[in-house]
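All remarks here apply to the structure that follows.
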Protein chains: 2
Amino acid sequence: MSKPYVIGIDIGGTNTVFGIVDARGHVVASDSVKTLKYADFDDYITSLKDGIERLLRANEAEDKIQGIGIGAPNANYYTGEIINPPNLPWGPVIPLAEKVSEAFNGIPVAVTNDANAAALGEMTYGAARGMRDFIMITLGTGVGSGIVVNGQVVYGHDGFAGELGHMIVKRNNGRICGCGRTGCLEAYCSATGVARTAREFLELRTEPSELRNLQIDDITSKEVYDAAMAGDKLAKEIFQYTGTILGQAFADMIAFSSPQAIILFGGLAKSGELLLKPVTEAMNKAVMSIFRGKTKVILSELRESDAAVLGASALGWEAKYRSDLNPSTPKANLPVTAEAD
Amino acid sequence: MSKPYVIGIDIGGTNTVFGIVDARGHVVASDSVKTLKYADFDDYITSLKDGIERLLRANEAEDKIQGIGIGAPNANYYTGEIINPPNLPWGPVIPLAEKVSEAFNGIPVAVTNDANAAALGEMTYGAARGMRDFIMITLGTGVGSGIVVNGQVVYGHDGFAGELGHMIVKRNNGRICGCGRTGCLEAYCSATGVARTAREFLELRTEPSELRNLQIDDITSKEVYDAAMAGDKLAKEIFQYTGTILGQAFADMIAFSSPQAIILFGGLAKSGELLLKPVTEAMNKAVMSIFRGKTKVILSELRESDAAVLGASALGWEAKYRSDLNPSTPKANLPVTAEAD
C-alpha cells in the first residue's frame, strides 16, 4: 500500500520550495514558486498545485506519493493551519493542510513549523537517525528549535511547543527581543545577536580590531566570523561570548529532556569549531554532574540547499489528515485525548 | 488476562511504604518497613517481601497483582537500578527492579524517581487525568519534576531527564545549591529556599517583622507561611519573591513543552494562594505572548498520605521487566532504538 515518494514543501518569506523525496532522503526533483506573488491564498495554492503537478509528471510520479509534508512559519501541527504569520498576506488563520489536501484529491497532508521540520528531517535522513531524544537548534536570523522526546516531536498541548530561542538567558538588563520581551536566547545567539554583540563590544571596549574598519551599524555575523578566522582577537571574543551563553542555555535544556545530542543547523552553525568549542566548554561546565559529558553537540548532516524540503518531506511519511475525510473540521492531527472518568 | 491490582512501593530515606492499589486509585491496604534497618540489600528485600506478602494474604490478593511500581530517589526507569543514592547504604548501583521481580516470581516491575512517579500518579488518578502534556513540580526540601509529553513521562536518553529544580535562575551571584552548582531554582523555591530567603531578608533589611522573634538559623518555611497568613508584611514579601522566581522559571518551561498545566505538589504547595498568586502573575507576565493564559497552575489532587504509593503504583500498570525473562540483563525498560542504516 505504501508509496515510494513524499512531497516536501517549505514555505519561506520569499520562495516556496517543493520537492519529490524518496525514503532514503534523496531529493528526486525540486522546483519553487514565489510565495508573495499572490495576494489571494487560493491563487497561491493554484500556482503551487500547478508547479507540483508539473514536477510529478516530469518524473512519472503522479501515483507514487504517500503524503505531503509542509514546513511554514507559525504552522500548527494539530490544526493544520498557519496562525498569525508575520510575513504572509493571507490572513491571521490560513487553512494550509486543508487546501493543499483538497488540491491533491485528499492526499494526506501534515504541517509544522520550520524548526520542527528540520528536526524531523534530521531524524529521518540525517545526524539524528536512530536517536529517540535530541534537540535541533536552528541558528539563523533567529534561534529556532525542534525537540524530539521518545522519538516524537514535542508539539505541546497547543501545537506551539519548542520555542527555546525564547528561553530567558538574561533576567536583568537583557536585550530587547523581536518577541517583545527582553533577555531571550535569540537576542544573543542568532546571527543578528552576534552582530549586536559586535556593536556592543566595539562601543564599550577600546581594543583595536579589524571590525572597527566596518560600518558599525551594518556589521554582520559573517564579517565577525571572517575577522575571527583571520585572527582578530575581539572577533574571537565575540564568538566566545556567544558560545558561552548558548552552552549555558543548553545545560538548562539538558536538565529538561536529557537529549542524546543537540544538533546545530543554520547560517551561524557554519562557524564550526569557532562556535562549537565555547558552546561545548560552557555546556559541560554548567550542566549538572549527572548529565556531564553525555550530550553531544553536533552539526546537521543535511545539505543546506536540501534541508528545508527534506525536513518538510519527513512529515509526509506520517501525514494522516485528508480533506475528504473531515471536510467540515480542518484539524490535521488532533491529539487523542483520554477520557477522564 | 489483566489483574485488578498493582503494588506501589515508595522508598524514602526513613520508611519504605507499600500498598495494594486498584484501577481507580483506591489504596486497598498499605504498610511499611524501615528503609535503613538493613545494611545488606538482600535483607532489606527479604523484609519488604515478607511485608508485602502479609498484606496480600490479609487482603486475599495473592493472585491479583498486575505489576509492581517503585518510586525511589535516583531510580532509573531504563535500567531498573538506583544509581548513586545519597541516602541509601547499599552501594552505588542497586539492582532494584531485578531483585523485587525475583522476590515475587518474576512479576513485572518498573522503577522511577519520586517526581516522575508523582506525575504518573497525577495522570492516572489525579488532577492530570486526560492530560497528555503537563509538568509536575514537587516543592519539598528540594524541587523535583516529572514531565509528561504526548502522554509519556520524559525520561531522556539516559533515564535521568526532568531535573527542572536545577534550571539556573540566577546566572550571577546565585545561591549555592546542594547539587554543587549555583543559582538553581531549587535553592530559591524549595521549602529550604524559602527559609534561606527569610534569613537573607532579615539580615539585609530593617523592617519590623514577627520573624525577628524566631531563631534566625532555625527558621522554617512553615514559620514564614504562618507569619504571612497572620499578616506579616516581610513574610508576605518572601512568598512574593519565591513565587516570582518560580513563575519566571515556569515561563521557560512553557517555551519548552507548552504544557496544559503545571501541577504543584509537596509541603510548600500547601501554601495555596499565598504562593499561587505571585507564581501565576509572574508566569503570565514572563511567558511569550503565544502561550499567555494557556497553561494552568494547579494543585495536586492526590492526598499527601497516599500520593507516593499511588504514584509508584501507577507505574505498575505499565511495568514490563520480568526477572525470569532476562536473567542476565537487568535492564528494566530499555528504549527501542531504531537502526541507523
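Values in this text are rule-based calculations from the coordinates and carry no lab data. The structure presented is a predicted model; accordingly, all values stated were derived computationally and were not measured. Using ideal geometry, Cβ is built from the backbone for each residue, glycine included, and neighbour counts are taken over all protein chains shown.
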For A:144-155, mean number of other protein chain Cβ atoms within 10 Å: 4
Gain in span if fully extended, B:GLU207 to B:THR141, counting 0.36 nm per residue against the direct Cα distance: 21.0 nm
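Using the Cα centre of the protein assembly as shown as the reference point, and only Cβ charges (+1 on K/R, -1 on D/E), how large is the resulting charge dipole? Debye, rounded to the nearest 20.
Numbers: 64 positive and 80 negative charges, 180 e Å.
Roughly 860 debye, rounded to the nearest 20.
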Global form of chain B, assessed from the alpha-carbon gyration tensor, a/c cut-off 1.5: prolate
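Which value at 222 nm does chain B reach when only helices count, each DSSP H run of 4 or more adding -39,500 (n - 2.57), with the total divided by all residues and rounded to the nearest 500 deg cm²/dmol? Display every interim value, and only then the final one.
Numbers: 9 runs with 117 residues, N = 341.
Calculated at 222 nm, the ellipticity per residue is -11000 deg cm²/dmol.
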Test item: A:247-258 mean partner chain Cβ contacts at 10 Å: 6
q = 0.12, 0.14, 0.15, 0.20 Å⁻¹, segment B:130-301: log10 I(q)/I(0) [Debye, one scatterer per Cα]: -0.53, -0.72, -0.82, -1.35
Inter-copy label distances at B:ARG212 (7 Å, Cα→Cβ; nm, one decimal): 5.5
Rounded, prolate or oblate (a/c below 1.5 giving rounded, otherwise prolate when a/b exceeds b/c) for segment A:1-105 by Cα gyration tensor: prolate
Inter-copy label distances at B:ARG171 (7 Å, Cα→Cβ; nm, one decimal): 1.2
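Count charges around B:GLU122 for me, please; just the other residues with Cβ under 14 Å from its Cβ, Lys/Arg as +1, Asp/Glu as -1.
On the way: positive: B:ARG129, B:ARG132, B:LYS296, B:ARG303; negative: B:ASP114, B:ASP133, B:GLU301, B:GLU304, B:ASP306.
Once all neighbours under 14 Å are counted, the net charge is -1.
Remind me, relative contact order of segment B:130-301 in percent, using alpha carbon pairs under 8 angstrom and six or more residues apart? Each step should come with its number before you reach the end.
Details: 297 pairs, mean separation 39.7, N = 172.
So the answer I get is 23 percent.
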Angle in degrees between helix B:233-257 and the longest Cα principal axis of chain B, rounded to the nearest 10: 50 degrees
Calculated FRET efficiency for the pair A:ARG57/A:LYS320, C-beta based, R₀ 35 Å, to 0.05: 0.85
Per-residue HN-Hα couplings for segment A:260-277 [Karplus 6.51, -1.76, 1.60; θ = phi - 60°; Hz; x = Gly/Pro]: 5, 8, 10, 10, 9, 9, x, x, 5, 5, 5, 5, x, 4, 4, 9, 4, 5
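So for segment B:130-301: antiparallel DSSP bridges make up what percent, rounded to the nearest 5? Don't skip to the answer; put the middle values down first.
Values: 10 of 19 bridges.
Restricted to segment B:130-301, the bridges split so that about 55 percent are antiparallel.
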Spatial separation of Cα centroids for segment A:222-289 and segment B:100-167, in angstrom: 32 Å
Residue with peak Gaussian network fluctuation, chain B [Cα springs, cutoff 10 Å], from B:GLU81, B:GLU102, B:GLU62: B:GLU62
Table column - 3J(HN,Hα) (Hz), segment A:115-130, Karplus curve with 6.51, -1.76, 1.60, x for Gly and Pro: 6, 5, 4, 4, 5, 5, x, 5, 6, 7, 10, x, 5, 9, 4, x
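Provide the FRET efficiency to the nearest 0.05 for the A:ASP218-B:ARG292 pair, computing r from the beta carbons and using R0 = 35 Å. It would help to have the intermediate numbers written out before the result.
Working: r = 35 Å, r/R0 = 1.00.
It comes to 0.50.
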Relative contact order %, chain A, counting alpha carbon pairs below 8 Å whose residues are six or more apart: 23 percent
Highest average packing first - A:23-29, B:250-256, B:302-308, B:226-232, Cβ atoms within 10 Å: B:250-256, B:302-308, B:226-232, A:23-29
Prolate/oblate/rounded label for the protein assembly as shown (Cα gyration tensor, a/c 1.5): oblate
Net charge of neighbours whose Cβ lies under 13 Å from the Cβ of A:VAL154, counting Lys and Arg as +1 and Asp and Glu as -1: -2
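Can you compute the FRET efficiency between A:LYS64 and A:ALA39 using 1/(1 + (r/R0)^6), with r the Cβ-Cβ distance and R0 = 51 Å? Round to the nearest 0.05.
On the way: r = 34 Å, r/R0 = 0.66.
Efficiency, from the Cβ-Cβ distance: 0.90.
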Nonlocal amide H pairs with B:LYS296, under 5 Å, H built at 1.01 Å: B:ALA261, B:ILE262
From phi via Karplus (6.51, -1.76, 1.60), per-residue ³J(HN,Hα) for segment B:17-28 in Hz, x at Gly/Pro: 9, 9, x, 9, 10, 9, 5, 9, x, 8, 7, 5
